[in-house]
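The values are calculated or read from the model by the stated rules, or taken from the named source; none is laboratory data. These figures come from a predicted structure and were not determined experimentally. Glycine also receives a Cβ, built like all others from the backbone with ideal geometry; neighbour counts cover every protein chain displayed. Heads up: the accessible areas ignore ligands, DNA and RNA and are worked out on the full protein's heavy atoms, side chains in. Shrake-Rupley method; radii C 1.70, N 1.55, O 1.52, S 1.80 Å.
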Amino acid sequence: MDKVYIVIVTYNGSKWLKRCLTSLSASALKSEVVIVDNNSSDDSVKIIETNFPKVVILKQTHNLGFGKANNIGISYALNQGAHSIFLLNQDTYIETETLSVLMKASQRNKDYGILS
């Protein structure tokens, strides 16, 4: 089975993170979750550390912006052996079968490098 990583960039996302990360925990397809925190000033990091201890948090000392932070998360996932990487926004959540459906679509058509 492919090693799937989910990369989430967060900045002051405390009002969304529980729902987002809870939805990932309930996913039918298990994955590793990496959060790149862009130096949040709210309790985002504390929420993650307290409620989702398996989530890897890459804490930044200043806000790098969305693109650069995603690149840091992607690099981390690739260095850990990721076969597939799913970028998810902090204010979203997934349905139970979302990752499974995307992985099946990816396996059916190897010509696609990116699915959304």
- request: Working from Cα positions, state the angle (0 to 90°, nearest 10) between the long axis of helix 14-25 and the longest principal axis of the chain.
  value: 30
message: Multiplying the sequence separation of LYS59 and ALA26 by 0.36 nm and subtracting their Cα-Cα distance, what value in nm do you get?
response: 9.4 nm
- prompt: Using a 1.4 Å probe, how large is the accessible area of ASP91, given in Å² and rounded to the nearest 10?
  reply: 90
message: What would the Debye equation give as log₁₀ I(q)/I(0) for the stretch 1-99 at q = 0.12, 0.14, 0.18, 0.22 Å⁻¹, counting only Cα atoms as equal point scatterers?
response: -0.33, -0.45, -0.77, -1.16
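For the stretch 1-73, what is the accessible area per residue in Å², given a 1.4 Å probe and the full set of protein chains?
On the way: 3840 Å² over 73 residues.
The answer is 53 Å² per residue.
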- request: Please state the charge dipole magnitude for the chain, taken about the Cα centre, from unit charges on C-beta atoms (+1 on K and R, -1 on D and E), reported in debye and rounded to the nearest 20.
  value: 140
